[in-house]
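Student: Below is one structure. I have some questions about it.
The values are calculated or read from the model by the stated rules, or taken from the named source; none is laboratory data. Values in this document were obtained by computation on a predicted structure and should not be read as measured data. Reconstructed Cβ throughout: ideal geometry from the backbone, glycine too, with neighbour counts over all protein chains shown.
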Amino acid sequence: MGFVPKGIIPAVITPLTADGDFNEKAMRQLINHLIAGGVHGLFIVGTTGEFYGVTPAESRYIWEVSVDETKGRVPIYAGTGAITTKESIELTKIAEECGVDAVSVLTPMFISPSQEQLVGHYKKIAASTKLPVLLYNNPPKTGVNLSVDTVAKLSEVDNIVGVKDSSGDFTLTGEYIRTTRGKDFHVLLGRDTLIYAGLCYGATGSIAACANVAPRLCADIYDKYLAGDLAGALEAQFTLAPLRIAFTIGTFPAVIKESLTMLGIDAGPCMEPVGPMTPEEREKLRKVLVGMGLLK
């Protein structure tokens, strides 16, 4: 298709008001903050964006605001994953109507489809849209894993342009890369501690939750790598690692939202039942941010 998913693409949080409604003003501010930080795209209403608590109508609103505020400065990837093929197609059509640049489709969850059924699922979604489609593998969250053979088969579909792999299994990521070499297909890391390793192996970038909090630092991993400053890229990766490891301090995605709040960005609460971090958890997180040089 000529569309190459690449660079550092924040898995953008969905800012909420105290009442739990979408905070349009905060989203517009966050988008500008991220773009000013040097990111290369925006992934809207994905896992970090709490897609599981967003209705189709709310998704439309969020995507419309994001497209309007971004104004073509970077590509927008819309998260259109769902349990059923029908729902995913409906979300993908809404995203296309909103003017996004591509969609990222998480595997179904709760159910346990076979690999053959997953191939059919993604082929039907791809056939329903003119947009580039990015596969999204996140077995720790969904319990469903895209096999190497499945990804290789789907890489033959014209508008399936790549895969985001959040498995944390770098052998799997590497096999995605190895078995699709020479095709118009691209692999992005979804595990923020492996961005540098992925680039070394042939990945084209990362969809990174940590880029909400440290956009410039994440972008440095990619930009410095491409510029040939491998030592600088690796140092940026090492500096970033403590934040990703700190995700276990609170219930996901509380660490990301609490970090943004500490940095003065109005992220708001997480969707219930995920509650705020405890004072003790916040103090642990604050020390991580201070150690990274993001807070004084």
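Student: Step by step: first the residues of segment 61-88, then only those that are of a type in the set (Gly, Ala, Ser) and in a helix (DSSP H, G or I), then the one that is farthest from Phe22 (Cα to Cα). Which residue is that?
Tutor: Only one residue tops the list, namely Ser88.
Student: Given the criteria in a helix (DSSP H, G or I), touching a strand residue (DSSP E or B) at 6+ places or on another chain (Cβ under 6 Å) and not small (Gly, Ala, Ser), does Ile207 qualify?
Tutor: So Ile207 does not fit the description; no.
Student: From (1) part of a helix (DSSP H, G or I); (2) surrounded by fewer than 22 Cβ atoms within 10 Å (Cβ to Cβ); (3) over 17 Å from the mean Cα position of the chain (by Cα), pick out the condition that doesn't hold for Ser112.
Tutor: All conditions are met except number (1).
Student: Select, from Lys284, Lys224, Lys296, the only residue that is modelled with pLDDT of 95 or more, over 19 Å from the mean Cα position of the chain (by Cα) and more than 30 Å from Asp19 (Cα to Cα).
Tutor: Just one listed residue meets the conditions, Lys224.
Student: Pairs needed: first member in segment 175-199, closer than 13 Å to Glu156 by Cα and without any contact (Cβ under 8 Å) to a residue 60 or more places away in the chain; second member anywhere, of a type outside the set (A, V, I, L, M) and surrounded by fewer than 24 Cβ atoms within 10 Å (Cβ to Cβ); C-beta distance under 7 Å; at least 6 residues apart or different chains.
Tutor: Here the result reads Thr180/Ser155; Lys183/Ser155; Phe185/Ser155, each pair linking segment 175-199 to a residue that is of a type outside the set (A, V, I, L, M) and surrounded by fewer than 24 Cβ atoms within 10 Å (Cβ to Cβ).
Student: Please go through (1) closer than 23 Å to Phe252 by Cβ; (2) without any contact (Cβ under 8 Å) to a residue 40 or more places away in the chain; (3) of a type outside the set (Lys, Arg) for Ala127 and return the number of the only condition it doesn't satisfy.
Tutor: For Ala127, the exception is condition (1).
Student: Additional query: What is the one condition in (1) outside any helix (DSSP H, G or I); (2) at pLDDT below 95; (3) closer than 23 Å to Leu189 by Cβ that Thr248 does not satisfy?
Tutor: For Thr248, the failing item is (1).
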